[in-house]
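A quick write-up on the structure given underneath.
The values are calculated or read from the model by the stated rules, or taken from the named source; none is laboratory data. The structure presented is a predicted model; accordingly, all values stated were derived computationally and were not measured. Glycine gets a Cβ as well: all are built from the backbone with ideal geometry, and neighbour counts include every protein chain shown.
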Amino acid sequence: MTSKSYAFPSSLNSVGLALIASLVFIAPAKAQSGNDALRFSQRFPGTTAASLGLSGTGIAGVADPSALILNPAGLGFAQTSSISGSFSSFDIQDDSFFRSDGITFPGVAEITSAGVGHLASLYKFPTSQGSLVIGISISQVTTYERDLFFDGENGLNSITDFFMPLSDEFELIEEGDDLFPEFFRTPSFIAFETFAIDFDQGLFDANDPIPFLPAVSAGTVAQSGSVTEEGRMNELNIGGAMEAANGVMIGASINIPFGRYTFTRIFEEEDIFNDNDGSGGTTDFDYLKYTESFQSDMVGINARFGLSARVSPQLRLGITLETPTQLTIEDDFATVLRTEFDNGDVFTYGDQIDEDAGTGHFEYTLTTPWHVGVGISYRSGSLSLMADAELIDWSQMKFSNDNLTFADENRSIQEQFESVLNTRFGATYETGDFILRGGFAVYPDPHNAQFGRAADGAVVDRERQYFSLGLGYRISNTLRADVGWIQEQFNDVYSPYTEVANAPIVDEEVIRNRFQIGFTYSL
């Protein structure tokens, strides 16, 4: 192969090419799957350093700013006005296992991040009886930081097989003696533009329903890639609590979550043994790089209501209700594909302004589920024990847009997800000026049994487990320092490409460590 040219007649002019581009189906956005909805909706347990050490336990009623997220009624138990803040850092390790053709290739990636954990102020009104407290806080409730790397060999298939269209994803247009394809699938169009797939006249003459050939048709290729996720979700909370009866607090808060999520996926494939050398019906494919990226900016609003009651001097009970969040999301996304051949030909699509298939801007709304939680705490001397249960039906997540329907996506969410009961447990022990804390939490996998599977059919349990420790120290009557640590562990699976028989999968074992140090000053 000495040069590349389109398989259809060269008389197709630039107007015809423009027509092709204009008729390509452009996917409206990149972050509109159920898993994306789940990612944007889930929260990390614990916002303050003290709450972190308890794995976020506290629905029964805690008198610190984390009450604005757990149960705003807990603010009513605050003894004084206060201001507080904390600094937070994350360390995330992702162990990967690229599996193809019965062979496993291990990999590892690690990423760190840091920032403000929370800033808050509580004001306790002077009252002759009862309690009235208001508070405002801004807290980090989620981190999206994650970095996956994989590398291995695949002798069964190629990403160019994924680029091949189905029979209803293209149409061959004839104009006189000219023939050209019109694609209704963006990856296929981009691949055709860069010769990752190509029209084959022989298949067309033989009435093959899909007269295209992938650039890789023989041998073993090296496949590698990375998935980098960055960003965080914060929440602005304004709320208050009052004593409705002796020892019974009621509270409410208005909450504005806002954040940014960025995603970059790079996939590379190389003909390492030169099995595709242009002979024997193969092309002289050498290498390709496929890059997809998007950025989501989000802002929303919800409300929380709660009740916390001191049943006895030792026992406290709480209940909280969180309304669905209406999260407005703006996506900017882009796709670039570069292919290289042995003869030196290089083709790239997506790096020019007018190459806009797979690139664009889209706005839509995500509605998250209701949250219902109950909590209990028991104190005996210096020891306090706490437990929370939180019910969330993840199948109730919904996408919407004024001009488009998300019926298929929303139906998929209803089929793919189910309700779960998140549980959290915490304990504190006070000795002198020190407060020791510990906790653990379990967040079950919200995927149902049918959809909680990898591409190879194996069951993947994405249950998240949390373990935490913390320490508080009263520096003075008005100043306290808190340190908290929590570790999150879960398994996941990533598919570099789908819709191909025996496509490779990447199993993941993810460990996130979060450290937080904070100070509280009582006024």
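Scanning segment 257-282 for residues that are in a strand (DSSP E or B) and crowded, with 20+ Cβ neighbours inside 10 Å yields Pro257, Gly259, Tyr261, Phe263, Phe267, Glu269.
Screening Ala29, Ala109, Ala18 for residues that are farther than 20 Å from Asn422 by Cβ, among the aliphatic types (A, V, I, L, M), outside any loop (DSSP other than H, G, I, E, B) and at pLDDT below 90 leaves exactly one candidate, Ala18. When the test is whether a residue is touching a strand residue (DSSP E or B) at 6+ places or on another chain (Cβ under 7 Å), under 30 Å from Ser167 (Cα atoms) and either surrounded by fewer than 17 Cβ atoms within 10 Å (Cβ to Cβ) or in contact (Cβ under 8 Å) with a residue 60 or more places away in the chain (or both), Ala215 passes it.
Taken as a whole, segment 328-349 holds at least one residue that is buried (at least 18 other Cβ atoms within 10 Å of the Cβ), of a type in the set (Asp, Glu) and either part of a loop (DSSP other than H, G, I, E, B) or on the phi < 0 side of the Ramachandran plot (or both). From the list Ile238, Ile250, Ile254, which one is touching a residue at least 40 places away in the same chain (Cβ under 8 Å), in contact with a helix residue (DSSP H, G or I) (Cβ under 6 Å, 6 or more places away or on another chain), surrounded by fewer than 19 Cβ atoms within 10 Å (Cβ to Cβ) and not in a loop (DSSP other than H, G, I, E, B)? None of the others qualify; the one that does is Ile250.
Scan segment 91-104 and tell me whether some residue there is over 22 Å from Asn255 (Cα atoms), over 19 Å from the mean Cα position of the chain (by Cα), in contact (Cβ under 8 Å) with a residue 60 or more places away in the chain and not in a strand (DSSP E or B). So far as segment 91-104 goes, yes, one or more of its residues are over 22 Å from Asn255 (Cα atoms), over 19 Å from the mean Cα position of the chain (by Cα), in contact (Cβ under 8 Å) with a residue 60 or more places away in the chain and not in a strand (DSSP E or B). Determine, yes or no, whether Thr291 is in contact (Cβ under 8 Å) with a residue 24 or more places away in the chain, more than 23 Å from the chain's Cα centre (by Cα) and surrounded by 15 or more Cβ atoms within 10 Å (Cβ to Cβ). Criteria not met by Thr291. Would you pick out the residues in segment 110-127 that are closer than 15 Å to Thr47 by Cα, surrounded by 15 or more Cβ atoms within 10 Å (Cβ to Cβ) and either in contact with a Phe, Trp or Tyr (Cβ under 8 Å, 6 or more places away or on another chain) or among the aromatic types (Phe, Trp, Tyr) (or both)? Gly117, the sole residue that qualifies. Filtering segment 206-227 for residues that are within 22 Å of Glu355 (Cα to Cα) and within 28 Å of the chain's Cα centre (by Cα) leaves an empty set. In summary, Ala245 fulfils each of the numbered conditions (1) touching a strand residue (DSSP E or B) at 6+ places or on another chain (Cβ under 8 Å); (2) without any contact (Cβ under 8 Å) to a residue 60 or more places away in the chain with the single exception of condition (1).
Of the candidates Ile376, Ile392, the single residue that is of a type outside the set (Asp, Glu), out of contact with any Lys or Arg (no Cβ under 8 Å at 6 or more places or on another chain) and closer than 16 Å to Asn71 by Cβ is Ile392.
Ser55: at pLDDT 95 or above, within 27 Å of Leu385 (Cβ to Cβ) and touching a Phe, Trp or Tyr at 6+ places or on another chain (Cβ under 6 Å), yes or no? For Ser55, the condition - at pLDDT 95 or above, within 27 Å of Leu385 (Cβ to Cβ) and touching a Phe, Trp or Tyr at 6+ places or on another chain (Cβ under 6 Å) - is met. Only one entry in Gly107, Gly130 is within 29 Å of the chain's Cα centre (by Cα) and more than 20 Å from Ala49 (Cα to Cα), namely Gly107.
Scanning segment 121-157 for residues that are in contact with a Leu (Cβ under 6 Å, 6 or more places away or on another chain) and part of a loop (DSSP other than H, G, I, E, B) returns a single hit, Phe125.
Taken over segment 168-198, residues that are of a type in the set (Val, Ile, Thr) and either within 15 Å of Ile210 (Cα to Cα) or touching a Pro at 6+ places or on another chain (Cβ under 6 Å) (or both) amount to 2.
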